[in-house]
1. Give, in nm to one decimal, the length gained when the segment between residue 56 and residue 166 is fully stretched (0.36 nm per residue of separation minus the Cα-Cα distance).
2. Could you tell me the distance between the Cα centroids of segment 134-169 and segment 42-62, to the nearest Å?
3. Choose one answer from 126, 168, 21: the residue with the largest mean-square fluctuation in a GNM of the chain with alpha-carbon springs under 10 Å.
4. Rounded, prolate or oblate: which fits segment 35-157 when a ≥ b ≥ c are the square roots of the eigenvalues of the alpha-carbon gyration tensor, with rounded for a/c under 1.5 and prolate only if a/b beats b/c?
5. Between 146, 88, 106, where does the largest GNM mean-square fluctuation fall for the chain, given springs only between Cα atoms within less than 10 Å?
6. So which residue, out of 99, 61, 181, gets the largest mean-square fluctuation from a GNM of the chain using Cα contacts under 10 Å as springs?
7. Give the shape of segment 109-170 as rounded, prolate or oblate, defined through the alpha-carbon gyration tensor: a ≥ b ≥ c are the square roots of its eigenvalues, a/c under 1.5 means rounded, and otherwise the shape is prolate if a/b is larger than b/c and oblate if not.
8. Would you compute, from DSSP H runs of 4+ residues alone, the mean residue ellipticity of the chain at 222 nm, taking -39500 (n - 2.57) per run and dividing by the full residue count, rounded to the nearest 500?
C-alpha cells in the first residue's frame with residue numbers, strides 16, 4: 001500500500017486536500033506533502049525514536065511544572081497553504097486556547113495557524129535537507145515561534161553543524177518575522193525562549 005501510494009502521485013503535484021484523502025489512516029510509514037509531492041518516510045525507529053521520546057518527556061514535565069496551557073498531541077499535520085505542503089512533525093507543542101480558531105483541528109488534527117503552535121521539533125534523518133531548508137522556510141513563513149532541529153547523528157551539512165561535523169541541536173527563534181539560529185553542541189546548555197528555565201544540555205538531548 002505504501003509503495004502504491006507514492007507511485008500513484010509520482011507523476012504530478014496534488015493538492016493538500018487530495019493528499020489528506022489519499023493517505024491511509026494506519027500505516028507503518030509516515031506521509032508528508034512537500035510542494036505538492038507526496039513523500040513517504042519510515043516511522044521513527046531506534047535512536048531517532050529514543051531522542052524524540054526523551055524530548056517529549058522533558059517538555060511535558062516542564063509544561064506541567066509551569067502549569068502552561070500547552071499540550072503535546074500524539075499526531076497532527078501542519079499545513080503550509082502557500083507552499084502546498086503538509087508536515088507531520090516528530091514533536092509539536094500546541095497552545096490549547098488558540099485551537100478554537102483552527103477550522104480543521106477537531107475533524108482532522110490539521111493545523112493552519114502559526115499562533116496555535118508554540119514549538120516544533122524535528123529529529124534529523126538522512127533526508128536532512130528537508131529539516132534544515134524546506135521545513136525551516138515554511139515554519140518561518142507560518143510564524144511558528146520556535147523550531148528545534150535535533151541532529152543526533154550529524155547528518156546535516158557542514159554549514160549548519162560545523163566542520164568536522166558534530167551532533168547538534170539548532171534552535172530557531174522567530175524574531176521580527178525571521179528565524180535566528182543558535183547551534184548547541186556537547187555540554188552547551190540549550191537556550192529556549194519558550195522554556196527559559198529548561199535545564200538541558202545538547203548532549204543530553206542528543207543521547208535521548
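The numbers here are math on the coordinates, done by the rules we state, and not lab data. Computed from a prediction, not measured in an experiment: that's the story for all the values here.
1. 37.3 nm
2. 17 Å
3. Ranking 126, 168, 21 by mean-square fluctuation puts 21 first.
4. Working: a/c = 1.75, a/b = 1.11, b/c = 1.57.
Cα axes put segment 35-157 in the oblate bin.
5. 106
6. Looking only at 99, 61, 181, the largest GNM fluctuation is found for 61.
7. Numbers: a/c = 2.43, a/b = 2.39, b/c = 1.01.
Prolate shape, in that a/c is at least 1.5 and a/b is the bigger ratio.
8. It comes out at -7500 deg cm²/dmol, rounded to the nearest 500.
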